[in-house]
Amino acid sequence: MSKEQLQLALWISQPILQAIIAVVVYRRRLHKDFPAFFSYTVAQIGIFAVEYPVYNWAGAQSYFYVFWISAALNVVFAHPAWCWPPSICSSEIRRRLKTIFATVSQGIFVAAPAT
């Protein structure tokens, strides 16, 4: 297996596995019990649908922005999954997560290349 084939297999395996998980969760009606996990899983498939074509056919600068925007979306969708049910997340944990997210998002704009 060549390097390119392995890279393609790794890229493609993530949305396939997440699609299988989403279908199983939906068919067993678990999406009502775990809405944050289900939305995160579906969002990952959508993010892949945008990120992969940009990686392959757009320039490095375009991929830079798409990658960091998708990383921010991952944090937004993953945050409720970390704190589900809400009773396990204290207000201190929520405050720290907001601080981390704000710091990272500010760092993205500072580190962005000038055009």
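So here's what we get for this one:
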read-out: Some residue of region 46-57 being exposed (fewer than 13 other Cβ atoms within 10 Å of the Cβ), modelled with pLDDT of 80 or more and in contact with a helix residue (DSSP H, G or I) (Cβ under 8 Å, 6 or more places away or on another chain); value: yes
read-out: Residue satisfying all of: in region 21-45; touching a helix residue (DSSP H, G or I) at 6+ places or on another chain (Cβ under 9 Å) and aliphatic (A, V, I, L, M); farthest from residue 70 (Cα to Cα) among these; value: 30
read-out: Residue selected from region 1-35 under the condition among the charged types (D, E, K, R) and in a loop (DSSP other than H, G, I, E, B), by the criterion surrounded by the most Cβ atoms within 10 Å (Cβ to Cβ); value: 33
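The values are calculated or read from the model by the stated rules, or taken from the named source; none is laboratory data. Since the structure is predicted, the reported quantities are computational estimates derived from the model, not experimental observations. Positions of Cβ are generated from backbone atoms using ideal geometry, with glycine treated the same way; all protein chains shown enter the neighbour counts.
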